[in-house]
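Visitor: Let me give you the structure first, and then I'll get to my questions.
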Amino acid sequence: MTIKAYGAQAAHLPLESLDIERRAPGPHDVRIDIAYCGVCHSDLHQVRAEWAGTRYPCVPGHEIVGRVSAVGAHVSGFKQGDLVGIGCIVDSCKQCADCEEGLENYCDNMIGTYNSPTADAPGHTLGGYAQQIVVHERYVLRIRHPEDQLAAVAPLLCAGITTYSPLRHWNAGPGHKIGVVGIGGLGHMGIKLAHAMGAHVVAFTTSESKREAALALGADDVVVSRNEAEMAAHTKSFDFILNTVAAPHDLDVFFALLKRDGTMALVGAPATPHPSPQVFNLITKRRSLAGSMIGGIPETQEMLDFCAERGIVADIEMIRAGEINEAYERMLKGDVKYRFVIDTATLA
């Protein structure tokens with residue numbers, strides 16, 4: 001089936017309207033009419049070939065929500081009309097240890113929602129800046145939020161699970177002091193989720209102007225990371241720090257804030273590396289530097305249900321598909337609170 005999408009033909013070209021093909025649903029497939037798609041910083045990195053291996057045409061988008069419009073003959077968990085989502089994963093090997101544990105995000109053969117090899121034309125996956133998508137039922141997620149929140153649910157499929165998974169893994173909750181570095185698309189979700197988990201949440205920002213916004217999101221305290229006195233007041237006090245910043249920066253200033261056995265997990269993915277941290281900051285207090293990448297399908301469903309029960313959604317700005325290039329430039333300047341979402345009806 002030929003549908004409308006938005007994508008780029010080369011790294012140096014702007015995104016434009018494209019006609020793309022979607023396969024007919026197979027026995028275990030679900031076809032989704034996309035209502036909204038969030039705009040992730042990784043979309044920009046990939047479409048502009050700032051990360052290696054971009055395939056063109058590149059149609060980004062992995063924060064997808066919509067309605068089921070058709071199901072394959074062997075699909076039992078979904079039916080036409082269901083509200084559903086697709087995140088960053090549309091396939092995996094289904095049989096390795098990671099897949100068997102519901103950690104498809106760490107499968108060596110994970111197929112991303114865009115820019116991964118596939119038998120479908122044009123030979124690589126095309127993402128959610130499109131009218132429809134067809135996905136194996138295993139990777140389809142049920143949305144239990146009210147329908148009028150659907151657009152604001154879309155960023156949960158990447159920004160939500162990217163922050164929820166490490167917070168859960170490192171036991172964010174009552175009695176734990178959690179830092180969130182950066183108050184953007186990822187960071188604003190990290191603050192909301194850590195607060196909902198019952199942790200004491202401290203937000204870090206380089207900008208004094210974001211102090212009130214961070215408190216409104218649920219932070220108990222806000223630290224301007226350029227203020228040495230504010231930083232020093234929190235020395236050796238954090239159980240866990242979630243670092244969401246997608247630009248290279250000095251990690252050592254945050255290691256000094258961790259308790260003995262504290263961990264800082266990186267979820268922001270800069271186009272060039274961070275400066276290497278000092279080893280003594282780690283070994284003198286048995287601190288850890290870790291990473292985390294999205295989440296598996298079961299945990300992503302858990303996150304969506306957690307958010308639905310507590311009324312948690314992203315803070316968004318809706319855009320038309322034709323405004324995506326301007327949105328990318330604004331995103332680079334940090335000029336969005338806190339996630340752009342494409343109204344897919346504007347593709348037509």
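Visitor: Could you say whether any residue in the range 38-45 is of a type in the set (A, V, I, L, M, F, W, C) and over 16 Å from Asn115 (Cα atoms)? Before the answer, list the steps.
Guide: The initial filter retains those residues of the range 38-45 that are of a type in the set (A, V, I, L, M, F, W, C), namely 39-40, 44.
If we keep only those that are over 16 Å from Asn115 (Cα atoms) too, we end up with none.
Among the residues of the range 38-45, not one is of a type in the set (A, V, I, L, M, F, W, C) and over 16 Å from Asn115 (Cα atoms), which makes the answer no.
Visitor: So which helices (runs of 4 or more DSSP H) stay within the range 101-197 end to end and still have 1 or more residues that are modelled with pLDDT under 95?
Guide: Counting at least 1 such residues, we get 185-196.
Visitor: Hey, could you check the range 272-298 for residues that are within 16 Å of the chain's Cα centre (by Cα) and closer than 18 Å to Gly187 by Cα and say which is surrounded by the fewest Cβ atoms within 10 Å (Cβ to Cβ)?
Guide: Gly291
Visitor: Filter the range 217-267 for residues that are closer than 14 Å to Thr205 by Cα and among the polar types (S, T, N, Q); which is surrounded by the fewest Cβ atoms within 10 Å (Cβ to Cβ)?
Guide: Result: Asn227.
Visitor: Search the range 308-325 for residues being in contact with a Pro (Cβ under 8 Å, 6 or more places away or on another chain) and open to solvent by 30 Å² or more (accessible area, probe 1.4 Å), and hand back the single one that is farthest from Leu44 (Cα to Cα).
Guide: Of everything passing the filter in the range 308-325, Ile316 is farthest from Leu44 (Cα to Cα).
Visitor: Take the range 40-77 and flag every residue that is open to solvent by less than 60 Å² (accessible area, probe 1.4 Å), among the hydroxyl-bearing types (Ser, Thr, Tyr) and assigned to a loop (DSSP other than H, G, I, E, B).
Guide: Thr54
Visitor: Taking Gln80, is it part of a loop (DSSP other than H, G, I, E, B), in contact with a strand residue (DSSP E or B) (Cβ under 9 Å, 6 or more places away or on another chain) and polar (S, T, N, Q)?
Guide: Criteria met by Gln80.
Visitor: Restricting to the range 247-304, and then to whatever is small (Gly, Ala, Ser), out of contact with any Pro (no Cβ under 8 Å at 6 or more places or on another chain) and not in a loop (DSSP other than H, G, I, E, B), can you tell me which residue is farthest from Lys236 (Cα to Cα)?
Guide: Restricting attention to the range 247-304, the residues satisfying the condition of being small (Gly, Ala, Ser) are 247, 256, 262, 265, 268-269, 271, 276, 288, 290-292, 295-296.
If we keep only those that are out of contact with any Pro (no Cβ under 8 Å at 6 or more places or on another chain) too, we end up with 256, 262, 268-269, 271, 276, 288, 291, 295-296.
Add one more test, that the residue is not in a loop (DSSP other than H, G, I, E, B), and what stays is 262, 288, 291.
Numbers: Gly262: 9, Ser288: 13, Gly291: 21 Å.
In this case the residue turns out to be Gly291.
Visitor: Being in contact with a strand residue (DSSP E or B) (Cβ under 6 Å, 6 or more places away or on another chain), surrounded by fewer than 19 Cβ atoms within 10 Å (Cβ to Cβ) and assigned to a helix (DSSP H, G or I) is the filter here, so list the residues in the range 331-348 that pass it.
Guide: Thr346
Visitor: While we're looking at this one, here's another question. Can you name the condition, by its number, that Ile89 falls short on among (1) out of contact with any Ser or Thr (no Cβ under 8 Å at 6 or more places or on another chain); (2) hydrophobic (A, V, I, L, M, F, W, C); (3) within 25 Å of Tyr6 (Cα to Cα)?
Guide: With respect to (1) out of contact with any Ser or Thr (no Cβ under 8 Å at 6 or more places or on another chain); (2) hydrophobic (A, V, I, L, M, F, W, C); (3) within 25 Å of Tyr6 (Cα to Cα), Ile89 is out only on (1).
Visitor: Can you tell me which of (1) polar (S, T, N, Q); (2) open to solvent by 10 Å² or more (accessible area, probe 1.4 Å); (3) under 24 Å from Met293 (Cβ atoms) is the one Gln132 doesn't meet?
Guide: Checking Gln132 against (1) polar (S, T, N, Q); (2) open to solvent by 10 Å² or more (accessible area, probe 1.4 Å); (3) under 24 Å from Met293 (Cβ atoms), the one that fails is (3).
Visitor: Related question: Return yes or no: is Thr235 in a loop (DSSP other than H, G, I, E, B) and more than 30 Å from Asn105 (Cβ to Cβ)? Quick ask: steps written out before the conclusion?
Guide: Details: in a loop (DSSP other than H, G, I, E, B): yes; more than 30 Å from Asn105 (Cβ to Cβ): yes.
It is true that Thr235 is in a loop (DSSP other than H, G, I, E, B) and more than 30 Å from Asn105 (Cβ to Cβ).
Visitor: Could you go through the range 214-226 and let me know if any residue there is within 30 Å of Ile32 (Cα to Cα), in a helix (DSSP H, G or I) and at pLDDT 95 or above.
Guide: no
Visitor: Run Val181 past the list (1) farther than 18 Å from His41 by Cα; (2) buried (at least 24 other Cβ atoms within 10 Å of the Cβ) and report the number of the one that doesn't hold.
Guide: Failed condition: (1).
Visitor: Just to be sure I understand the filter: pairs with C-beta atoms under 7 Å, separated by 6 or more residues or on different chains, first member in the range 21-48 and of a type in the set (Ser, Thr, Tyr), second member part of a loop (DSSP other than H, G, I, E, B) and surrounded by fewer than 24 Cβ atoms within 10 Å (Cβ to Cβ). Which pairs pass?
Guide: From residues that are of a type in the set (Ser, Thr, Tyr), the pairs are Ser42/Ala269.
Visitor: Answer yes or no as to whether Ala119 is open to solvent by 60 Å² or more (accessible area, probe 1.4 Å), over 21 Å from Ala321 (Cβ atoms) and without any contact (Cβ under 8 Å) to a residue 12 or more places away in the chain.
Guide: Criteria met by Ala119.
Visitor: Please go through the range 1-38 and give me each residue that is in a loop (DSSP other than H, G, I, E, B) and either closer than 28 Å to Gly77 by Cα or not hydrophobic (A, V, I, L, M, F, W, C) (or both), ordered by number.
Guide: Quick first cut of the range 1-38, residues in a loop (DSSP other than H, G, I, E, B) only: 1, 9-15, 22-28.
Within the range 1-38, Met1, Gln9, His12, Pro14, Arg22, Arg23, Ala24, Pro25, Gly26, Pro27, His28 qualify.
Visitor: For the range 1-39, give me the residue count where each residue is more than 22 Å from Phe340 (Cα to Cα), surrounded by fewer than 19 Cβ atoms within 10 Å (Cβ to Cβ) and touching a helix residue (DSSP H, G or I) at 6+ places or on another chain (Cβ under 9 Å).
Guide: So the count comes out to 2.
The values are calculated or read from the model by the stated rules, or taken from the named source; none is laboratory data. This one's a predicted model, so the numbers in the text were calculated from it and none came from an experiment. Backbone-built Cβ (ideal geometry, glycine too); neighbour counts: all protein chains shown. Accessible surface is based on the protein model in full, side chains and every heavy atom, while ligands, DNA and RNA are left aside. Shrake-Rupley method; radii C 1.70, N 1.55, O 1.52, S 1.80 Å.
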